[in-house]
Amino acid sequence: MYISYHYEGVRYRHYNGNSLALKIYPNRCTDEQDKLRQLNLLKSKFNDALESGWAPTEEVITIPILRDALTQVLADKLASNLSSTYKKNLVGIHKLFTKFLLPNELNRTYDHLKLHRVEEFLNTFRSSERNYINRRRCLGVFFNEIVRREWGKSNLASRTPPAKAKAVLHIPYNDDQLKQLLDFLKKTSPNLYLCCLLTYGCLLRPHREILRLKRKHITEDLSQIMLSGNENKSGKVRRVFVPVYVQEELRKRLERITDPEANIFTQHKEHYNESYFNLMWRRARRAMIEKGLLFDGQTIYSFRHTAAIKVYRKTKDPHVLQQLLQHSSMSVTLNYLRGLGEVNDERLKDMMPELW
């Protein structure tokens, strides 16, 4: 929505009150009545300003063409504090989408883009539900930002047909397997061993939180790990209690580290790249499978899955688990448990039919 008028023969268009230094944003409203009220307020304010002698100094039709809008959104996302994997996905969808569109589509504003063209693009990723969902979500990031900046009216990606990926059961480690795996990794790959131990014992995320751990993040008595909002996925300050068996391994590692800014794995200020633990896992995986220590589909994250199950079975309280996992909402935690086959549901066993 916008207001429009002619001034000295030139047409001006305003989507918000920025030109009058007013915080009036009709297109940010989700309720249609609120949007209309904001629009009428915008109209009234500009009418008053014009009648009192205010004059627009420049044409306000500053909406960029689609090519520039997509490029600007991507640049801003790449400059933000997002994971390298997330950024890589955005770069990929930007490249594919701009290559798919015709020049006349890229050289016009977003609102000229047709829904069927977005659907045609996304349908090229129908090889699997998961692939389609991921591509649709990434494209929606661009469209959401374009709408937020008031360069367009609605997110076209959200109007395309959704897909639902088939649930995958994550396979945790059993007790014997857990012990044998950790014993094997302790002998063959000390860094990977410590990573897996922290993933299990502290429920930290390996590739973003554990990889970047510095000496300063661990208290002197080794009982806690403290992470600021920009150092963990939740964006909040996170305090993690460290079990005694993890403290013992940390003590050996930290004896050699005096610089508080030193990474606990590299022992220098720089950390390894984000694929480091994945690479170490791939190298160890074949040997672990040959020895019967690992099942297909089990990963570093399976240590976190295993810990989550143990916590839930001990407490029967998903709220506790949500805090330990640092999930943004309870629905995320419940989905996590469903993926582990834990909430499908224990209550059902008491409902099974009996035979007189």
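The values are calculated or read from the model by the stated rules, or taken from the named source; none is laboratory data. These figures come from a predicted structure and were not determined experimentally. Methodologically, a virtual Cβ is constructed for each residue, glycine included, from the backbone with ideal geometry; neighbour enumeration extends over all protein chains shown. Accessible surface is based on the protein model in full, side chains and every heavy atom, while ligands, DNA and RNA are left aside. Shrake-Rupley method; radii C 1.70, N 1.55, O 1.52, S 1.80 Å.
For first residues located in region 105-129 and open to solvent by 70 Å² or more (accessible area, probe 1.4 Å), partners that are not hydrophobic (A, V, I, L, M, F, W, C) and lie 6+ apart or on another chain with Cβ distances below 8 Å form the pairs N107/R67; H112/E105; R126/Y132; E129/K164; E129/K166. For region 145-170, a residue qualifies if it is over 30 Å from N16 (Cβ atoms) and either touching a His at 6+ places or on another chain (Cβ under 8 Å) or of a type in the set (S, T, N, Q) (or both), and exactly one does: H170.
Annotation note: Cβ proximity below 7 Å between a residue of region 199-213 that is free of Cβ contacts under 8 Å to residues at least 24 places away in the same chain and farther than 12 Å from F277 by Cβ and a residue that is open to solvent by less than 10 Å² (accessible area, probe 1.4 Å) and of a type in the set (S, T, Y) (sequence gap 6+ or interchain) occurs for no pair. Of all residues in region 1-51, those being of a type outside the set (F, W, Y) and over 38 Å from the mean Cα position of the chain (by Cα) number 14.
Against the conditions (1) touching a residue at least 24 places away in the same chain (Cβ under 8 Å); (2) of a type outside the set (D, E); (3) surrounded by fewer than 17 Cβ atoms within 10 Å (Cβ to Cβ); (4) in contact with a Leu (Cβ under 9 Å, 6 or more places away or on another chain), T188 satisfies every one except (4).
Of all positions in region 220-238, at least one carries a residue that is of a type outside the set (D, E, K, R), modelled with pLDDT under 95, in a helix (DSSP H, G or I) and surrounded by fewer than 16 Cβ atoms within 10 Å (Cβ to Cβ). Is it the case that some residue within region 47-61 is touching a Leu at 6+ places or on another chain (Cβ under 9 Å) and open to solvent by 40 Å² or more (accessible area, probe 1.4 Å)? Yes - at least one qualifying residue is present in region 47-61.
Here R136 meets the list (1) over 20 Å from N27 (Cα atoms); (2) in contact (Cβ under 8 Å) with a residue 60 or more places away in the chain almost entirely, failing just condition (2).
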